[in-house]
Amino acid sequence: MHLNDPSPGYLSLPCEGMDDSMAYRLLTSLIVPRPIAWVCTLEESGSVNLAPFSSFNYVAHSPPMLAININRNEDGSLKDTARNLQANKECVVQLCRQSDLAAVHASAAALPPGQSEVQELGMHLVPSQHVRVPRLDGAAVQMECRLDQVVDLGRGVNQLHILEVLAFHVDSSLMDEKGRVNLEAYRPLARWAGPYYAQRGDILLP
Ligand SMILES: Cc1cc2nc3c(=O)[nH]c(=O)nc-3n(C[C@H](O)[C@H](O)[C@H](O)COP(=O)(O)O)c2cc1C
């Protein structure tokens with residue numbers, strides 16, 4: 001460490017001129033665990049696309065809104081999810097269980113457009129009530145969403161997709177009789193750094 005280090009005890013990494021891959025590694029390794037949006041969208045052909053996104057959170061409650069950052073592919077084209085969402089303005093965001101780990105990870109594979117991850121994984125769909133995109137049968141939570149806006153961020157690699165939730169479908173075994181989520185029963189899968197995932201740990205009280 002240099003004597004004139006402005007932050008002794010810290011490795012200081014200014015972002016000006018920082019390589020994008022370094023910025024990505026820092027963000028995705030340090031901001032953990034992250035929830036995972038497991039997103040169904042409808043292809044033009046009618047087949048259902050499924051992919052996971054962990055640059056994701058809720059951003060408003062009146063009305064309920066979510067945001068998902070979808071990166072462009074290296075050639076600048078849109079990922080299937082972003083393309084479908086921007087074309088027909090609808091999606092279903094699922095929240096998954098720890099037991100969905102293998103399927104969530106496998107659903108990130110880049111399949112040719114028209115080939116459905118849902119079919120490849122042997123999963124089943126059920127009709128939605130507010131959007132044309134169907135829901136993933138058996139997921140812990142399914143949220144029917146309408147695209148509110150797309151915000152191009154920074155240098156154009158990232159696009160923030162802001163979604164309004166039109167309906168929540170929550171596995172009834174995860175809710176108590178007053179409609180509150182049963183924290184003991186709910187075991188969502190979360191994203192850790194690199195290829196790692198996280199499972200729920202202890203629930204703490206202040
Ligand atoms: C757990 C997990 C989280 C991911 N999070 C993101 C994300 O937040 N943004 C993104 O652009 N890609 C993310 N990816 C990569 C996409 O899932 C991957 O590019 C996928 O092929 C996109 O599918 P699509 O082309 O069908 O939309 C993630 C992958 C995994 C396994």
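Since every read-out is calculated from the coordinates, none of them should be taken as a lab result. Fair warning: this is a prediction, and the values are worked out from it, not measured in the lab. Heads up, the Cβs are rebuilt from the backbone with ideal geometry, glycines too, and the neighbour counts pull from every protein chain shown.
When LEU153 is tested against (1) aliphatic (A, V, I, L, M); (2) within 16 Å of the ligand (Cβ to nearest atom); (3) closer than 30 Å to GLU184 by Cβ, only condition (3) is not met. Pairing each residue of the range 176-187 that is over 16 Å from ALA139 (Cα atoms) with any residue that is loosely packed, with under 10 Cβ neighbours inside 10 Å and not basic (Lys, Arg), provided the two are 6+ apart or on different chains, yields C-beta distances under 6 Å for LEU183/ILE203.
Looking at the range 73-92 only, could you name the residues that are closer than 25 Å to HIS124 by Cα, within 13 Å of the ligand (Cβ to nearest atom) and in a loop (DSSP other than H, G, I, E, B)?
The first filter runs over the range 73-92 and keeps only residues closer than 25 Å to HIS124 by Cα, leaving 79-92.
Within this subset, residues satisfying the condition of being within 13 Å of the ligand (Cβ to nearest atom) are 79-87, 91.
If the condition is that a residue be closer than 25 Å to HIS124 by Cα, within 13 Å of the ligand (Cβ to nearest atom) and in a loop (DSSP other than H, G, I, E, B), then LYS79 is the only one that fits.
Comparison of TYR10, TYR24 shows that the only residue that is free of Cβ contacts under 8 Å to residues at least 12 places away in the same chain, surrounded by 11 or more Cβ atoms within 10 Å (Cβ to Cβ), farther than 22 Å from HIS169 by Cα and out of contact with any Ser or Thr (no Cβ under 7 Å at 6 or more places or on another chain) is TYR24. Output the residues belonging to the range 160-180 that are farther than 23 Å from PHE53 by Cα and among the aliphatic types (A, V, I, L, M). Result: MET175, single match. The sole residue among LEU95, LEU125 that is closer than 28 Å to ASN182 by Cβ, within 16 Å of the ligand (Cβ to nearest atom) and touching a Lys or Arg at 6+ places or on another chain (Cβ under 7 Å) is LEU125. Kindly evaluate ALA82 against the criterion of being over 21 Å from ASN57 (Cβ atoms) and not basic (Lys, Arg). In short, no.
I'm trying to understand the selection: among the residues of the range 135-154, which are free of Cβ contacts under 8 Å to residues at least 40 places away in the same chain and either closer than 23 Å to VAL181 by Cβ or part of a strand (DSSP E or B) (or both)? It would help to see each step written out before you state the result.
Kept after step one, since they are free of Cβ contacts under 8 Å to residues at least 40 places away in the same chain, are these residues of the range 135-154: 137-138, 149, 151-152, 154.
Across the range 135-154, the qualifying residues are ASP137, GLY138, GLN149, VAL151, ASP152.
In the range 118-131, the condition of being in a loop (DSSP other than H, G, I, E, B), among the polar types (S, T, N, Q), buried (at least 17 other Cβ atoms within 10 Å of the Cβ) and free of Cβ contacts under 8 Å to residues at least 60 places away in the same chain is met by at least one residue.
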